[in-house]
Structure formats: structure tokens, C-alpha cells
Amino acid sequence: MAEQYIVGVAGVIAFLLGFVFLVRSWGLSKLKKAGSMEFPKESCVNKNGNGDGEGEGVGTTEIIIVGAGVAGAALAYSLGKDGRRVRVIERDLNAPNRIAGEGLMPGGYLKLIELGLGDCVDEIDAQQILGYTLYKDGKDAPISFPLEKFQSHVSAKNFHNGRFVQRLRKKAASLHNVSLEQGTVTSLLEENGIIKGVHYKDKSGQMLTASAPLTVVCDGCFSNLRRSLCNPKVDIPSYFVGFLLTNCKLPNEKYGAIILADPSPILFYPISGTEIRCLVDVPSQNLPSVSNGEMAHYLKTLVAPKVLPEAYNSFISAIEKKDNIRIMPNKIMAGAPHLTPGAFLIGDAFNTRHAITGGGMTVALSDVVILRDLLRPLHDLSDASAICKYLESFYTLRKPMSSTINTLANVLHKVFSASSDPAMENMQQTLFGYLKLGGFFSSGVSAMFSGLCPRPLSLAFHFFVMAIYGVGQLLLPFPSPKRLLDGAKLLWVASRVFLPIIHSEGIRQMFFPLTVPAYYRTPPKGKKI
């Protein structure tokens, strides 16, 4: 009864907040329309008449792309299909062997389809994921992605990252006006403050120069070029310790698992028909060494007792398997670009969030769609300054997707990570209880988690309703002084977690995009066909 009362109060307040947010809905609709600008395909035919991107590549390079990961390869293909002459320079064209980039959320899969790359998840043993199950203190809360309005093939897709990337590269290289070569870009080629191309070493080690009117840098989270194009402030709150489990099945088929354990969460999800990826989040300050056996001891003694019973034996076997343990830093970096004529920065080189929600590829593919659509009406890229000013709108148009996923990922990591602070534990209990309510509450969070609802206002809405729910739980059955104090601490801690992350994403661009001058940028005059 008490819980129903709390939900009722939260619902009333949710309605009032929703009415306030509705006043701005026309602005959000306009932003969504601009963020998915659909220009006629014939308007992007290049000078050689190669409108479908499949003719012979003639003339000089229009766009250089540094990096052929998910963002780089997808961008190369989409620009190539639009008739651009694209040159991609990638440090290593062998299949990547990573423990990141293994999960594509439903929203990201829809972007992949929009780019004409939906078949890249075929023939790689990709696994269909319909949601995640949250586990805490012996209780569970299934969180399903809201997929009812989509065709049956639309879901999250989990796979080996290297297989997916190679499929993307193969598609890009199949276009005659896209060249894909192996080389290490060492620096940007600059003349009078304008980027004219890149300096790079080819496979033999020879130093070469490549020139183009526009250079797009997307060389990943370890980028050595980002400092030339943005003001990076990288934080590493934790590391993922990853390994593969075999002969293991999770309790809920087609669902991943997230265990809220002390001192940090544990993730399980399938990446093939026979393999389960386990990621253990370890705080940066407590990272044991792999080489001397400390990590194996840490996993066996502190983590193994908290994993699912169905996965325990496979978990122990995976730890004992030689060279099976790998470590990845969880980097957080807000996008802070400085405009540079002739160059553009996207992907993890530009903006990263904690990997706990697996939203990185969804943000990257969304960015590729936006950049492709912005470039479509441009016939001539030679006026670097005008193009640079025009492309500034990208940083506002990307905000609905990027800020929603970034904020949710960074907030959830803080909440999921156990703390000695009772208020943080109350926050974790509040989140777990909120998701267990199901219905609108659970589906609303999962819609943002999955990239299907890229709306910062929805994020703020659920945050406030969740806070009200949490305070109500603490105050019942009657508001004693201690309970009032606990409720105040919960609100304080929640604000301390949420607001700095919102601030780093940019309050104006997230919630008031129509007040940003760059939002209204139009293609430079004389640059349309």
C-alpha cells in the first residue's frame, strides 16, 4: 500500500513536470527534424557525376578519414555512397581484438540500418539481446527494451568487435571512390591555420603526405591527434577486467545480466553462440596486477562469491585460463571541441562515456548520420572557414542522443558502484526499486538506455520522479527526524551525482538548443548544387 501511495504521488508530480516539458515539445520536435536532415540524394553528386559512389574514383581526395574503426568505416561508406572521394588511413587493418565495442543498442542498430550497413551484423554470430536483468541482494529486476513498435529483427546486437569492424571496412572498401590503406598518421598538415591533410607513415615506414579539403579524425579513445582539435579532460574512474566464459548460460535467454555487488558492478552478456563476456568493474585506485597473480586472487576471493550460481564454475575456469584476463580503462571525456578549419573530430577521439551501458557505438553511429546529412548539400569543400562555421551546428544536433546516453552511463556507474556512504546505498536501492516498478518507469529508463529515446528532458523527468520515489520510501510509514535527514541526504547526493555531469554536457545545448546560434547554421551560399 505504501509503495502504491509513493508511486501515485510520483505520478501526479510526473504529470505536472510533463506538462511543463510539453511547453517546449515543439522545440524538441524541430531539433529532432534538424538532427535527421534528409537531403535529396541527387544533391550530393560530385563533379564526376558519381552519385551512387560505385563508379571509378576520379580526381583528388575530397575527405580524409583518420581511423577505420566503427565511426571511421561507417562514415567512409556513407560518404562514399553519397559520391564523395574518400581516403581512409588506418593504423592496423587486421581485425581488432578488444573487450570493448561488443554491444550495439537497438537505437544504434537503427542508425546502422539508416546508413545502409544493417547487414554488417549478419554472418558474424551476432546475438540478439532484448534487455538486461539487474540483480541485487538475491532479487532481480528484468529491464526489457521497448521494442513492441519495431520489426522482430530490431534489438540490441552483441558480437565480437573485430568481426563487426571488419565487415564495416569491407563494405567501405567495396566502393570504388573509397580507398582504404594502412598507415599511421603522425600529425595534421597545417597551412595558415587551416588543416590541409595529414602526415603519415605507410606500412614500410616511409613518411608521406595526404591532402584533402576536409580531414575527419576518428582514431579512437587513444587518439594522438585530439589535442589539436579539442580540449580533452580525460577521467578514468575505473577499469573493466574482461574475460570470456564458455559452457555457460545466463538465467534469462537473450538477456544480459548486471550484478550490483560490493565494491562495483559485474556484467555478463553473450557475444557469440558459445561465449559469454564477463566484465568486472574495478575502481582505478584498487586495480590489482595481472602479471603477479593479484588480479586472479582478487577475482576468486572478492568477486566470484557474488556472481550468478549458473555462471560460477565457468567464471572460475575462465580466471584460471592462461592469458584470458584483459584490462580496459573506462575513460570519460566530455566533448569540448575548438573549431579548426579543414578538420573535424568525431567518435571516441572526441567524446567518451563510461562503458557500463554499452552506448558508445550508438553515439558514434548517430554522429555519423548527422555529419553525413550536414555534408550532403555541399558540393565544394574548398572554403574551409565557411565549412567549419557551418559544421558547428553538429555539436548541438548531436546532443539529444549523445548527452542522454553519456549522462545515463556516467550516472549509472556512480550509482551502481557501492559506497560506504549510506546515502549512496539509498540511491542504489532507490534505482533498483524504481526499475522493479516496471511499466512506464522501467520502460522509460530502458528506452533511454537503449538509444530509442534520445531526449535529455526525459532523462531529467525520470531523475526527478525517481528522487521523489526514493525520498517517499525513506519517509514512510511516518517522517521521523532521522528519516527526514536521510531524505535530505538522498536529494543532496543525487544532485551531487547528476548535476556536474549535466553541466559537463552543456545545459544550454541539452535543454535549450534553440537558443544556440549554431543551431540555425545553413549551408554556405554558393556551395549547394
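Helices (runs of 4 or more DSSP H) fully within segment 412-529 that include at least 2 residues being out of contact with any helix residue (DSSP H, G or I) (no Cβ under 7 Å at 6 or more places or on another chain), modelled with pLDDT under 95 and open to solvent by 20 Å² or more (accessible area, probe 1.4 Å): 422-436, 439-449, 481-505.
Got at least one residue in segment 290-299 being surrounded by 19 or more Cβ atoms within 10 Å (Cβ to Cβ) and outside any helix (DSSP H, G or I)? Can you show your working first?
Let us first name the residues in segment 290-299 that are surrounded by 19 or more Cβ atoms within 10 Å (Cβ to Cβ), namely 295, 298-299.
Checking the rest, the ones that are also outside any helix (DSSP H, G or I) come to none.
Within segment 290-299, none of the residues are surrounded by 19 or more Cβ atoms within 10 Å (Cβ to Cβ) and outside any helix (DSSP H, G or I).
Apart from one condition, ILE319 fits all of (1) open to solvent by 30 Å² or more (accessible area, probe 1.4 Å); (2) in contact with a helix residue (DSSP H, G or I) (Cβ under 7 Å, 6 or more places away or on another chain); (3) in the same structural domain as SER264 (by the TED database); the exception is (1). Within segment 372-382, can one find any residue that is free of Cβ contacts under 8 Å to residues at least 24 places away in the same chain and assigned to a helix (DSSP H, G or I)? No; the residues of segment 372-382 include none that is free of Cβ contacts under 8 Å to residues at least 24 places away in the same chain and assigned to a helix (DSSP H, G or I). Check PHE441, PHE449, PHE416 and return the single one that is touching a Pro at 6+ places or on another chain (Cβ under 6 Å) and closer than 28 Å to ILE266 by Cβ. Sole residue among the options that is touching a Pro at 6+ places or on another chain (Cβ under 6 Å) and closer than 28 Å to ILE266 by Cβ: PHE416.
Tallying residues that are polar (S, T, N, Q) and farther than 24 Å from LEU308 by Cα within segment 103-153 yields 2.
Looking only at segment 72-104, residues that are open to solvent by less than 10 Å² (accessible area, probe 1.4 Å) and among the small types (Gly, Ala, Ser) come to 7 in all. Quick one: would you say PRO305 is in a strand (DSSP E or B), open to solvent by 30 Å² or more (accessible area, probe 1.4 Å), touching a Phe, Trp or Tyr at 6+ places or on another chain (Cβ under 9 Å) and of a type outside the set (Phe, Trp, Tyr)? The answer is no for PRO305. When residues in segment 387-411 are screened for being outside any helix (DSSP H, G or I) and either under 22 Å from LYS331 (Cα atoms) or more than 25 Å from the chain's Cα centre (by Cα) (or both), 1 of them pass.
The residues listed here are SER179, SER144; of these, the one that is among the polar types (S, T, N, Q), assigned by the TED database to the domain that holds ALA74 and touching a helix residue (DSSP H, G or I) at 6+ places or on another chain (Cβ under 9 Å) is SER179.
Taking the criterion of being small (Gly, Ala, Ser) and either at pLDDT below 95 or open to solvent by 20 Å² or more (accessible area, probe 1.4 Å) (or both), the only residue of segment 268-278 that qualifies is GLY273. Here the condition is being in contact (Cβ under 8 Å) with a residue 12 or more places away in the chain, over 30 Å from GLY438 (Cβ atoms) and open to solvent by less than 50 Å² (accessible area, probe 1.4 Å); of LEU180, LEU175, LEU147, LEU134, it holds for LEU175 alone.
Among the residues of this structure, THR352 counts as one that is open to solvent by less than 40 Å² (accessible area, probe 1.4 Å), under 29 Å from LEU189 (Cα atoms) and not small (Gly, Ala, Ser).
Checking ASP383, ASP373 one by one, the residue that is open to solvent by less than 10 Å² (accessible area, probe 1.4 Å) and of a type in the set (D, E, K, R) is ASP373 and no other.
If I ask for residues that are part of a strand (DSSP E or B) and of a type in the set (Asp, Glu), which ones from segment 225-281 would you list?
Kept after step one, since they are part of a strand (DSSP E or B), are these residues of segment 225-281: 230, 235-246, 255-259, 266-270, 275-281.
Listed by number, the residues that qualify are ASP235, GLU275, ASP281.
The condition (being at pLDDT below 95, outside any helix (DSSP H, G or I) and on the phi > 0 side of the Ramachandran plot) is satisfied by just one residue among GLY51, GLY59: GLY59. Taken together, the residues in segment 124-146 that are modelled with pLDDT under 95 and part of a loop (DSSP other than H, G, I, E, B) amount to 2.
Tell me whether segment 338-346 contains one or more residues that are in contact with a Phe, Trp or Tyr (Cβ under 9 Å, 6 or more places away or on another chain), assigned to a strand (DSSP E or B) and crowded, with 23+ Cβ neighbours inside 10 Å. The answer is yes, given that some residue of segment 338-346 is in contact with a Phe, Trp or Tyr (Cβ under 9 Å, 6 or more places away or on another chain), assigned to a strand (DSSP E or B) and crowded, with 23+ Cβ neighbours inside 10 Å.
Matching residues to (1) over 20 Å from ASP137 (Cα atoms); (2) modelled with pLDDT under 95; (3) open to solvent by 40 Å² or more (accessible area, probe 1.4 Å); (4) not hydroxyl-bearing (Ser, Thr, Tyr):
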residue	(1), (2), (3), (4)
ALA212	yes, no, no, yes
VAL217	yes, no, no, yes
CYS221	yes, yes, no, yes
CYS230	yes, yes, no, yes
VAL241	yes, no, no, yes
ASN252	no, yes, yes, yes
ILE266	no, no, no, yes
VAL280	no, no, no, yes
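Here GLY162 does not qualify as over 23 Å from the mean Cα position of the chain (by Cα) and assigned to a helix (DSSP H, G or I).
The values are calculated or read from the model by the stated rules, or taken from the named source; none is laboratory data. Since this is a predicted model, take the numbers as computed values, not measurements. Because the Cβ atoms are built from the backbone with ideal geometry, glycine has one as well, and the counts that use them run over all protein chains shown. Side chains are part of the model used for accessible areas, which takes the heavy atoms of the whole protein and leaves out ligands, DNA and RNA. Shrake-Rupley method; radii C 1.70, N 1.55, O 1.52, S 1.80 Å.
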